[in-house]
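The values are calculated or read from the model by the stated rules, or taken from the named source; none is laboratory data. A quick note: this is a predicted structure, and the numbers were derived from the prediction, not measured. Here Cβ is always computed from backbone atoms with ideal geometry, including for glycine, and neighbour counts include all displayed protein chains.
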């Protein structure tokens, strides 16, 4: 289905709005995938908050020109699916996980603001823990000293009670 000029402007504006808030854009070639497989990918992307779209490369080139992702223009060749997300790891993780299960789905590269990434870089980014996981680890690390301090403070009365009980048991055994 070809788009008229107004339709093309709408697509460029929609993709441009997504790119404006994006922290990562991942490109993948989808040649040979069935409709069912693409539907599964779209569902996974939607669950992860990733904007996934198959768009003509010329329209995406217009959307990313004059943005920090302009370096991607040279990599936009062939039938591509674009994964765009505000979380830099989410798009890479969704597309990389899907590529592991489908030989026909091939990562072609990606970009973070002012930095173009190779397929290897995208895979490395996908293997990083998500923002939520990193925050949870940081919180656990910050809580550890406080928790240990509380256990140490609690140990003093506990030791006193144990010593008192031992003295009581010793006196009871002697009597």
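Overview of results
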| read-out | value |
| --- | --- |
| Wholly within segment 59-125, strands (runs of 3 or more DSSP E) carrying at least 3 residues that are assigned by TED's automatic domain parsing to the domain that holds residue 39 and in contact with a strand residue (DSSP E or B) (Cβ under 9 Å, 6 or more places away or on another chain) | 80-85, 106-112 |
| Test result for residue 153, within 22 Å of the chain's Cα centre (by Cα), more than 30 Å from residue 74 (Cα to Cα) and part of a helix (DSSP H, G or I) | no |
| Sole residue being exposed (fewer than 10 other Cβ atoms within 10 Å of the Cβ) and free of Cβ contacts under 8 Å to residues at least 60 places away in the same chain, chosen from 156, 167 | 156 |
| Condition met for residue 64 (in contact with a helix residue (DSSP H, G or I) (Cβ under 6 Å, 6 or more places away or on another chain), modelled with pLDDT of 90 or more and closer than 20 Å to residue 45 by Cβ) | no |
| From 88, 129, residue being surrounded by 13 or more Cβ atoms within 10 Å (Cβ to Cβ) and modelled with pLDDT under 90 | 88 |
| Which listed residue, of 135, 95, is surrounded by 10 or more Cβ atoms within 10 Å (Cβ to Cβ), out of contact with any helix residue (DSSP H, G or I) (no Cβ under 7 Å at 6 or more places or on another chain) and farther than 18 Å from residue 25 by Cα | 135 |
